[in-house]
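Note sheet for the following structure.
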Amino acid sequence: MPSSRVSGFYNWTLQERLEWVARWADLLDEEVAVLKSAPGLTLDQADRMIENVVGLHGLPLGIALNFQVNGRDVLVPMVIEEPSVVAGASFAAKLARSGGGFRAESTPPEMIGQIQVLDLLDLEAARAAVEAARERILAHADNVDPVIRRLGGGAQDLEVRALPDTPAGPMLVLHLIYDCRDAMGANAVNTACEALAPLIEEITGGRVGLRILSNLADRRLARAECTVPADALAFGDFPGERVVRGIVEAWGFAAADPYRAATHNKGILNGVDAVAIATGQDWRAIEAGAHAYAARSGRYTSLSTWEQDGDGNLVGRLEMPLAVGTVGGATRSHPTAQVALKVLGVRTARELAEVMAAVGLAQNLAAIRALATEGIQRGHMTLHARQVAIAAGAQGDEIEAVARRMVAEGVVRPDRAEEILHETRNT
Ligand code: MEV
């Protein structure tokens, strides 16, 4: 099995990086061409994806390294406009790797479709009628998509919730629990809910309003966990023990305070969204689900937890809804999404969700480790300094040397990079 552990990847040329990833993931020439073509999408392809197309919009695709998830080495394609995110994920994955990598799991890919029933005189009588007709309703929902049913998915269960006191009066809400297999499932669930509406009206005597999936996908969860030995966290003037304490304190802040939790969770979503965009997922659905899940207790809080175990190691856990698919939607119609899925090497939507949870946890670790120690600006400046050094003509080991000196001096400018380069080459 090839290793995802690489150092100094950022010092390679873009061409060297691309060739290495292509070899790693066995990419065909046409797949490499997709990554090289400016936005990875033609105007014709874009025109078939949404309405009123007049152009394309490109974003960088980077590869996060060092990830090991459930014992498997993974290269993680990330699409994001923000610097430091890909480097942060790779760095944190290296830390997690020193403790055995990420352990991840997921629940079955069950989504919830909601059907709103209004104009009911007796909510409890309507509830009883729906429950009595449960099998008939599920069988009807199952007829809608025979392919998903053949693959082992389809309608699983029905839940009935009475909302007696809403601003629009009393209503009954049916939850159709639907196993979407490897699809994200919005289309399948919405179609099933719409198909059920006349039957529900007949059974309840009410009037059906909305028929739509819920983005609070709290039955489709992904979990990731990692253990980082305290020693691996030590750097500069920071002993490992102090870094562990700082990270646990950072988590405590997010656990207790919604103002901090929003930013803490944004850090997690930096990683999750970047993989979502690379693989053609509906990242707004993921965002909606994540924030609603973070508020499920009635108070918005952190999606992750960080603690110190009995041996002094840092242990992190993340649990969040991840409604993602490996078939259908943009995963199929966007050529770069196809290549990204191939690079990831995931076979199912659940496996994809598990890798995404690991990336979210890694991103969170990178952010709070930096925040709890030297702050995030130093890392940003180092990355920026490398870019400036490269632009000034630095090559190989020179890049790091020039960047380090500019950061130490606190002057990160092209003219200073050129001066340092000139000096080092002439001594
Ligand atoms: C910036 O994109 C993300 C962070 O703000 C996350 C955090 O504060 O935990 C650094």
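The values are calculated or read from the model by the stated rules, or taken from the named source; none is laboratory data. Quick caveat: nothing in here was measured; it's all calculated off a predicted structure. FYI the Cβ positions are ideal-geometry reconstructions off the backbone, even for glycines, and counts take in every protein chain you see. All accessible areas refer to the heavy atoms of the entire protein, side chains included, with ligands and DNA or RNA removed. Shrake-Rupley method; radii C 1.70, N 1.55, O 1.52, S 1.80 Å.
Among residues belonging to segment 6-42 that are outside any helix (DSSP H, G or I) and touching a Leu at 6+ places or on another chain (Cβ under 7 Å), point out the one that is modelled with the highest pLDDT. Give the steps one after another, and end with the answer.
First, pick out the residues of segment 6-42 that are outside any helix (DSSP H, G or I): 6-8, 12-13, 25-28, 37-42.
Next cut, touching a Leu at 6+ places or on another chain (Cβ under 7 Å) only: 6, 25, 39, 41.
Details: V6: 90, A25: 95, P39: 70, L41: 85.
The extreme case among them is A25.
How about segment 359-401: which of its residues are part of a helix (DSSP H, G or I), free of Cβ contacts under 8 Å to residues at least 40 places away in the same chain, of a type outside the set (D, E, K, R) and more than 16 Å from the ligand (Cβ to nearest atom)?
Within segment 359-401, A385, Q387, V388, A389, I390, A391, A401 meet the criteria.
Quick one: how many residues across segment 207-221 are of a type outside the set (S, T, Y) and outside any strand (DSSP E or B)? It would help to see each step written out before you state the result.
Within segment 207-221, the first condition is being of a type outside the set (S, T, Y), and the residues that meet it are 207-213, 215-221.
Still in the list and also outside any strand (DSSP E or B): 215-220.
So the count comes out to 6.
Could you pull out the residue among R416, R405 that is free of Cβ contacts under 8 Å to residues at least 12 places away in the same chain, away from the ligand (no atom under 16 Å from the Cβ) and not assigned by TED's automatic domain parsing to the domain that holds R260?
On the way: R405 fails: free of Cβ contacts under 8 Å to residues at least 12 places away in the same chain.
Result of the check over R416, R405: R416.
When you check I115 against the structure, is it in contact with a helix residue (DSSP H, G or I) (Cβ under 9 Å, 6 or more places away or on another chain) and part of a strand (DSSP E or B), yes or no? So that I can check it myself, show each step before the final result.
Numbers: in contact with a helix residue (DSSP H, G or I) (Cβ under 9 Å, 6 or more places away or on another chain): yes; part of a strand (DSSP E or B): yes.
Yes; evaluated as a whole, the condition is true for this residue.
With L65, L59 as the choices, which residue is open to solvent by 30 Å² or more (accessible area, probe 1.4 Å) and either in a strand (DSSP E or B) or within 16 Å of the ligand (Cβ to nearest atom) (or both)? Break it down stepwise before answering.
Details: L65 fails: open to solvent by 30 Å² or more (accessible area, probe 1.4 Å).
Answer to the selection: L59.
Here's the yes/no breakdown for (1) surrounded by 18 or more Cβ atoms within 10 Å (Cβ to Cβ); (2) more than 16 Å from the ligand (Cβ to nearest atom); (3) under 24 Å from T348 (Cα atoms):
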| position | (1), (2), (3) |
| --- | --- |
| E81 | no, no, no |
| K94 | yes, yes, no |
| R97 | yes, yes, yes |
| R127 | yes, yes, no |
| P167 | no, yes, no |
| Y178 | yes, yes, yes |
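Inspect all residues belonging to segment 129-138 and state whether any of them is free of Cβ contacts under 8 Å to residues at least 12 places away in the same chain and not assigned by TED's automatic domain parsing to the domain that holds V355. So that I can check it myself, show each step before the final result.
Of the residues in segment 129-138, the ones free of Cβ contacts under 8 Å to residues at least 12 places away in the same chain are 132, 135.
Going one step further and asking which of them are not assigned by TED's automatic domain parsing to the domain that holds V355, we end up with 132, 135.
Scanning segment 129-138 turns up at least one residue that is free of Cβ contacts under 8 Å to residues at least 12 places away in the same chain and not assigned by TED's automatic domain parsing to the domain that holds V355.
For the structure I just gave you, tell me whether T348 is surrounded by 20 or more Cβ atoms within 10 Å (Cβ to Cβ) and of a type in the set (S, T, N, Q). Talk me through it step by step, then tell me what you get.
Details: surrounded by 20 or more Cβ atoms within 10 Å (Cβ to Cβ): no; of a type in the set (S, T, N, Q): yes.
In short, no.
Looking at this structure, is E354 outside the structural domain of V147 (by TED's automatic domain parsing), charged (D, E, K, R) and within 15 Å of the ligand (Cβ to nearest atom)? I'd like the intermediate steps shown before the answer.
Values: outside the structural domain of V147 (by TED's automatic domain parsing): yes; charged (D, E, K, R): yes; within 15 Å of the ligand (Cβ to nearest atom): no.
It is false that E354 is outside the structural domain of V147 (by TED's automatic domain parsing), charged (D, E, K, R) and within 15 Å of the ligand (Cβ to nearest atom).
Considering only residues that are closer than 18 Å to F91 by Cβ and surrounded by 14 or more Cβ atoms within 10 Å (Cβ to Cβ), which ones fall in segment 232-241? I'd like the intermediate steps shown before the answer.
As a first pass, look at segment 232-241 and keep what is closer than 18 Å to F91 by Cβ: 232-236, 238, 240.
Listed by number, the residues that qualify are A232, L233, A234, F238, G240.
Given the conditions (1) over 15 Å from the mean Cα position of the chain (by Cα); (2) more than 30 Å from V117 (Cβ to Cβ), and given that N265 satisfies all but one, which numbered condition is not satisfied?
(1)
Anything in segment 287-299 that is away from the ligand (no atom under 15 Å from the Cβ) and open to solvent by 10 Å² or more (accessible area, probe 1.4 Å)? List them, or say none. Explain how you work it out, then say what you get.
Initial filter on segment 287-299 (away from the ligand (no atom under 15 Å from the Cβ)): 288-289, 292-293, 295-299.
Selection gives A288, A292, Y293, A295, R296, S297, G298, R299.
Can you tell me which residue is most open to solvent (accessible area, probe 1.4 Å) among those in segment 300-310 that are out of contact with any Pro (no Cβ under 8 Å at 6 or more places or on another chain) and in a loop (DSSP other than H, G, I, E, B)? Step through it out loud before you land on a result.
Of all residues in segment 300-310, those out of contact with any Pro (no Cβ under 8 Å at 6 or more places or on another chain) come to 302-310.
Those still in the list that are in a loop (DSSP other than H, G, I, E, B) too: 302-303, 309-310.
On the way: S302: 19, L303: 15, D309: 48, G310: 86 Å².
The selected residue is G310.
Checking L123 against (1) within 16 Å of the ligand (Cβ to nearest atom); (2) more than 19 Å from A357 (Cα to Cα); (3) of a type outside the set (V, I, T), which single condition isn't satisfied?
The number of the failed condition is (1).
What are the residues in segment 249-286 that are more than 14 Å from the ligand (Cβ to nearest atom) and crowded, with 17+ Cβ neighbours inside 10 Å, if any?
To start, the set of residues in segment 249-286 that are more than 14 Å from the ligand (Cβ to nearest atom) comprises 256, 275-286.
Correct list: V275, A276, I277, A278, T279, G280, Q281, D282, W283, A285, I286.
Check D73 against each of (1) open to solvent by 20 Å² or more (accessible area, probe 1.4 Å); (2) more than 16 Å from the ligand (Cβ to nearest atom); (3) of a type in the set (D, E); (4) within 30 Å of G379 (Cβ to Cβ) and name the one condition it does not meet.
Of everything listed in (1) open to solvent by 20 Å² or more (accessible area, probe 1.4 Å); (2) more than 16 Å from the ligand (Cβ to nearest atom); (3) of a type in the set (D, E); (4) within 30 Å of G379 (Cβ to Cβ), D73 misses just condition (1).
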